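This report refers to the structure that appears directly beneath it.
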Amino acid sequence: MATTDAFTSSFSGDVLRPSTPDYETARKVWNGMIDRRPEYIARCKSVADVQAAIRFALDEKLTISIRGGGHSAAGLAVCDGGVVIDLGGMRDVVIDPAKRTARVGGGATWGDFDRAAAEHGLATTGGAVSTTGVAGLTLGGGLGWLMRSCGLTCDNLIAADVVTADGAVVRASATENPDLLWALQGGGGNFGVVTTFEFQLHPVKTVLGGMLLYPLARARDLLRHYRDVAKSAPDALTVFVAMMHAPDGTPVVGFVICYNGPVDEGERAIKALRDFDTPIAGEVGAMPYTAMQSMLDGGFPSGMQVHWRSEFITSLPDAFIEAAVSAFEKVQSPFSVLMLEQFGGAVSRVPRDATAFDNRDADFNFVIVSRWMDAADADKNVAWARATSDAVKPFTNGRVYVNYIGAGEAPDRVRAAFSADKFARLVEMKTKYDPKNVFRMNQNIPPKA
């Protein structure tokens with residue numbers, strides 16, 4: 001008790017216990033499948049708070065989890081019986097418009113980031129749902145609407161301040177601990193608590209964006225058309241394809257479009273998409289980038305049961321299209337989504353060894369988001385996601401996206417996010433910065449024994 005009292009008395013933020021009124025709300029995360037009960041939730045307001053929480057957890061031999069936005073697909077922001085280091089009190093976003101850079105607190109969301117940067121007509125690649133945390137998305141790589149023109153989120157990470165497992169504050173940049181910066185650019189949350197991120201920004205104000213939706217019966221034709229259009233798409237154009245249900249329950253397939261450039265150029269770039277057919281719903285038009293970033297928020301609310309998977313694809317043969325559409329025709333829940341995220345452009349031009357993120361040679365990321373409301377339906381919905389993954393396996397490159405590994409997946413899914421040489425290098429970085437695997441509530445890369 002003396003240790004607990006000493007910790008809480010010196011802590012500038014709030015420390016929640018199971019008896020604290022806000023505890024039940026604070027322990028919940030975006031994925032409603034997750035029902036964990038930490039012993040302490042340390043709501044940090046400063047780097048000193050983070051250091052104190054780490055020291056306390058180590059002294060008490062308690063598991064540590066790190067919560068940025070709490071949006072982890074696998075719900076890894078909260079642990080059972082341990083200490084949650086909650087960065088929600090560290091959400092400042094400071095923009096330097098002259099240098100086109102941003103300093104962002106480890107608890108910020110993409111909504112926080114985008115609004116601050118937009119005041120100066122700037123942005124960087126961020127998550128397609130604005131409630132996503134900056135930290136988790138960045139550390140896993142960072143896919144988003146601007147990636148084909150501006151690179152992945154991690155490609156735009158230029159520096160970070162990290163509290164390591166021994167409580168030290170370490171600066172990671174091109175000139176200070178560059179090996180750590182490399183590991184943070186796609187290696188996940190394995191190496192410490194990132195309290196501040198620094199990003200390169202790009203001039204972005206208005207984009208041409210929106211959705212064009214068609215009956216699911218047109219899915220095979222639409223995907224073949226998409227395959228042809230994607231081959232010659234300019235870097236400014238990013239197009240995702242989704243199979244899902246409309247709010248009224250109608251199964252649909254559609255283009256989700258973002259053109260980062262002049263609207264008239266964008267209209268020319270998407271003409272081939274518009275020419276596919278007359279959509280049954282949706283529209284595409286000029287909108288602020290912040291509106292594009294929040295366009296999907298309503299479709300991805302907090303609290304639903306979620307099992308998430310992904311597979312990287314290097315082409316879209318007819319056999320893959322048939323497997324994917326057939327899988328969606330067997331979907332178990334109207335809330336589930338199958339999606340193709342378009343790669344290429346600036347993503348593919350970053351040298352392979354420049355970041356820990358792998359799979360720059362992929363053409364698409366095939367995303368399986370199985371979602372349902374009733375916890376009793378978990379088995380059939382998880383089984384559908386895994387069966388879908390198996391059905392498209394012959395057409396994948398064998399790799400996965402670390403941020404899209406769902407709850408309960410085996411460690412080999414983490415290994416599949418990286419080539420053997422990159423995984424070995426990440427093990428070296430883990431051994432250097434966290435040799436005792438203090439930070440293991442993540443898509444874990446274990447240190448050498």
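The values are calculated or read from the model by the stated rules, or taken from the named source; none is laboratory data. Given the structure is predicted, the values throughout are model-derived calculations rather than measurements. Reconstructed Cβ throughout: ideal geometry from the backbone, glycine too, with neighbour counts over all protein chains shown. Side chains included, ligands, DNA and RNA excluded: accessible areas come from the protein's heavy atoms. Shrake-Rupley method; radii C 1.70, N 1.55, O 1.52, S 1.80 Å.
Things worth noting here:
- Residues of type lysines that residue 448 reaches as a straight line, Cα spacing below 22 Å, ignoring anything fewer than 8 places off in the same chain: 61, 422, 430, 432, 436
- Among 223, 201, 316: highest mean-square fluctuation, GNM of the chain, C-alpha pairs under 10 Å: 316
- Here the spin labels are modelled as points 7 Å beyond Cα on the Cα-Cβ line, and at residue 427 and residue 46 they lie 4.1 nm apart.
- Longest segment of the chain lacking GluC sites (Glu not before Pro) that sit in a DSSP loop with at most 16 other Cβ atoms within 10 Å: 330-449
- Entry comment: accessible area of segment 322-414 is 39 Å² per residue, from protein heavy atoms only and a probe of 1.4 Å.
- Segment 33-77 shape via C-alpha gyration tensor axes, a/c threshold 1.5: oblate
- Separation between Cα centres of segment 1-78 and segment 424-443, rounded to whole Å: 21 Å
- Within the chain, the longest segment free of exposed loop sites, counting trypsin sites (Lys or Arg not before Pro) that fall outside DSSP classes H, G, I, E and B and have at most 12 other Cβ atoms within 10 Å, spans 100-329.
- The calculated pair-distance distribution of segment 209-258 uses every alpha carbon pair, bins of 5 angstrom beginning at 0, and gives 5, 21, 30, 23, 13, 6, 2 percent.
- Residue separation of residue 436 and residue 448 scaled by 0.36 nm, minus their Cα-Cα distance, works out to 3.4 nm of gained length.
- Rounded if a/c under 1.5, otherwise prolate or oblate - the chain, Cα gyration tensor axes: prolate
- Gaussian network model of the chain, Cα within-10 Å springs - most flexible of 31, 156, 397: 397
- Listed by chain and number, the lysines whose alpha-carbon sits under 27 Å from that of residue 271, ignoring those within fewer than 8 places in the same chain, are 205, 231.
- Most mobile of 282, 82, 105 in a GNM of the chain (Cα contacts under 10 Å): 282
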